[in-house]
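Q: One structure follows; several queries about it will come next.
The values are calculated or read from the model by the stated rules, or taken from the named source; none is laboratory data. Bear in mind that the values here come from a model prediction, so they are computed numbers and not experimental data. Cβ coordinates were reconstructed from backbone atoms using ideal geometry, including for glycine residues, and neighbour counts include every protein chain displayed. Heavy atoms of the whole protein, side chains included, go into the accessibility calculation; ligands, DNA and RNA do not. Shrake-Rupley method; radii C 1.70, N 1.55, O 1.52, S 1.80 Å.
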Amino acid sequence: MDGDKLTSKTDSEDLKTTLQSCIDSLTAEANELYLDQTVPVLDSPPTPLQFYRDFIAPNKPVVIRNLINHWSALRKWGPSYFRETIGNLQVTATVTPNGYADAIHDGKFVMPEERLMSMSSFLDILDTPGKEVFYIQKQNSNLTDEFTEILRDVDSNLKLGEEAFGKQPDAVNFWMGDGRAVTSMHRDHYENLYCVISGWKKFILIPPTDLPYIPYEDYPTGIFKQVRWNMVCSDDPNTTQVQLEIYFNDITTYDN
């Protein structure tokens, strides 16, 4: 009986070694044969066919310049325009003590506090930032549902995307914050067309073939809340446990 257990343990270890070797080979071959070492930058928009063939079908990222030059938002959008146009609009801002929303903190998957305030108040906070980090980041198509007064300044439906994907977008979002606001590591179930009106956005991309190197764990959930003068993490009464990839706050901890 002891011999059977030893054989079973040895077979299991051999299987793990074989699987790990296959995963390592897949990753190495993907890096050598499939994955680009740099993200392509196009100086002009491709045709929908080119976009689909070269980037959507092979699931590769791309930077497209001069796609939204006709948007008046590029000339209008700024604090003065927002104060004049939507200054009294009630907006939902997420608040964290460190800029990381929906991330691991003190052994919990912590979601941000949400505060309702006027757009002018939000802009005041961005003008004189404190230790808390405020970010407009709702993902429920808030541009078309909540920011209707500035919707005319952009195309809510990019023709390139509609023709390449064969449908209109499911959501069009308006995000705004300062340089401390960070979106933690995650995976999207949608294709994204991200348009930068002002400032910059840095993306760190990990190829699907590296998924086996990203560990999964179960975490209790929490919510950041302001208590007196400090942001603290409290338990989330609506959710007790989530299973997810570790949402690294520091990408250097991801090691392949």
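Q: Whole number please: convex hull volume per residue of the Cα set in the range 160-223, in Å³? Please report the intermediate quantities before stating the final value.
A: Values: hull volume 10.7 nm³, N = 64.
So the per-residue Cα hull volume is 168 Å³.
Q: While we're here: Once you order the gyration tensor axes a ≥ b ≥ c over the Cα atoms, which shape class does the chain get: rounded for a/c under 1.5, otherwise prolate or oblate by comparing a/b with b/c? Before the final figure, lay out each step's value.
A: On the way: a/c = 2.68, a/b = 1.34, b/c = 1.99.
Note, shape of the chain comes out oblate.
Q: How far is it, in nm, from the label point at T85 to the one at L42 when both lie 7 Å from their Cα along the line to the Cβ?
A: 2.7 nm
Q: Counting DSSP beta bridges in the chain, what percent are antiparallel, to the nearest 5? Intermediate values should be presented prior to the final figure.
A: On the way: 24 of 31 bridges.
Close to 75 percent.
Q: With all pairs of different alpha carbon atoms counted, what Kirkwood hydrodynamic radius in Å does the range 101-180 show?
A: Values: mean 1/r = 0.0664 Å⁻¹.
Over the range 101-180, the inverse of the mean reciprocal pair distance is 15.1 Å.
Q: Another question, then. Please give the per residue accessible area of the chain, computed with a probe of 1.4 Å over protein heavy atoms only, in Å². It would help to have the intermediate numbers written out before the result.
A: Numbers: 16440 Å² over 256 residues.
Solvent-accessible surface per residue comes out at 64 Å².
Q: Follow-up. Gain in length, N66 to K167, computed as 0.36 nm per residue apart minus the alpha-carbon separation, to one decimal in nm? Please list the in-between numbers first.
A: Values: separation 101, 0.36 × 101 = 36.36 nm, distance 2.24 nm.
Stretched fully, the N66-K167 segment lengthens by 34.1 nm.
Q: For n ≥ 4 DSSP H runs only, could you compute -39500 (n - 2.57) per run for the chain, divide by its residues and tell me the 222 nm figure to the nearest 500?
A: Working: 7 runs with 64 residues, N = 256.
Computed ellipticity for the chain at 222 nm equals -7000 deg cm²/dmol.
Q: How much length is gained on full extension from D24 to K202, taking 0.36 nm per residue of separation minus their Cα-Cα distance? If you can, show how the numbers build up before the last one.
A: Details: separation 178, 0.36 × 178 = 64.08 nm, distance 2.78 nm.
Full extension of this stretch gives 61.3 nm more.
Q: Still on this structure: For the ranges 140-146, 42-48, what's the packing order if you count other beta-carbon atoms within 10 Å of each residue, average per peptide, and put the highest first? Display every interim value, and only then the final one.
A: Values: 140-146: 15.7, 42-48: 13.4.
By packing density, highest mean first, the sequence is 140-146, 42-48.
Q: Which percent of the accessible heavy-atom area of the chain goes to carbon and sulfur, probe 1.4 angstrom?
A: Details: 8370 of 16440 Å².
It is 51 percent, rounded to a whole number.
Q: Based on alpha-carbon centroids, what's the gap between the range 56-79 and the range 125-168 in Å, whole number please?
A: 12 Å
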